[in-house]
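What follows is calculated from the coordinates using simple rules that are stated; it is not laboratory data. Source: prediction; values computed, not measured. Note: ideal-geometry Cβ built from the backbone for every residue, glycine included; neighbour counts use all protein chains shown.
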Amino acid sequence: MGLLETAAARDRIASAYALIRPHVRRTPVVAANGADFGLDPVALTFKLELLQRAGAFKTRGAFANLLMRTIPPAGVVAASGGNHGVAVAYAAMKRGVPAKIFLPTISSPAKVERIRGYGADLVVGGADYAEALAASEAWIARSGALTVHAFDQTETLLGQGTIGLELEEQAPDLDTLLVPVGGGGLIGIGIVTNGR
């Protein structure tokens, strides 16, 4: 997947946002001071994506995939350590699409239960994400299901990039953005959405 040009990426993110907006929450921001956390007294702004539907920003990319791509009768498949699987299961449930989610055995029991609660077909096996991903790729080859990758997928990145559009409006004076980089699904498009 190639790097998107800044202007084109912003337009594509705005288009993705128009599609997913009815399905995701515009999460709030909270102002705080660094002194509240034992840091230097600087202004801090937190974007509360934990209040997103299904509990994480991953819901944005899941809906972008299900709304921007043609879903085959076999449905969708995802490999995840937890949050991405929950988001894809939730989006699939809301869209009436079959979903099969592959998790490694180290995944949180709470996330396993949420995925099951959303009605996805769940496969728990393998020691880590790489093994869950390999198992999901084998399933794709057999079933013809559409992969919804956690970070290496244009639609996923476009969906996650919608956070940047919200932040531009909610915190226009923001000059530094700190982003968790676990799987890369949030930071992958962050630089492009900032336009700097």
Residues whose built amide H sits under 5 Å from the amide H of Ala150, excluding neighbours closer than 5 in sequence, are Ala79
Ile163 neighbourhood, Cβ < 14 Å, K/R = +1, D/E = -1, net charge +4
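If you restrict to DSSP beta bridges whose two residues both lie in segment 72-147, what percentage is antiparallel, to the nearest 5? Provide the component values of the computation, followed by the final result.
Details: 0 of 10 bridges.
Of those bridges, close to 0 percent are antiparallel.
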Evaluate E = 1/(1 + (r/R0)^6) for Ser143 and Val181, where r is the Cβ-Cβ distance and R0 equals 30 Å; express this FRET efficiency to the nearest 0.05.
0.45
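Give the value in nm², to one decimal: projected area of the alpha carbon convex hull of the chain, averaged over all directions. List each step's numbers first, then the result.
On the way: hull surface 46.4 nm².
Mean projected area for the chain: 11.6 nm², to one decimal.
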Quick one: which residues, 5+ away or cross-chain, put their amide H under 5 Å from the amide H of Arg25? H built at 1.01 Å from N.
Arg53
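Can you tell me what the convex hull of the Cα atoms of segment 46-151 projects to on average, as an area in nm²? Could the numbers behind the result be given before it?
Values: hull surface 25.3 nm².
Here the figure is 6.3 nm², rounded to one decimal.
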Given Cβ charges of +1 for Lys and Arg and -1 for Asp and Glu, the option among Gly126, Pro22, Ala35 whose Cα lies farthest towards the positive end of the dipole of the chain is Pro22
Might you report the magnitude of the Cβ-based charge dipole of the chain about its Cα centre, with Lys and Arg at +1 and Asp and Glu at -1, to the nearest 20 debye?
800
Expressed in nm², what is the orientationally averaged projection area of the convex hull enclosing the Cα positions of segment 45-89?
3.7
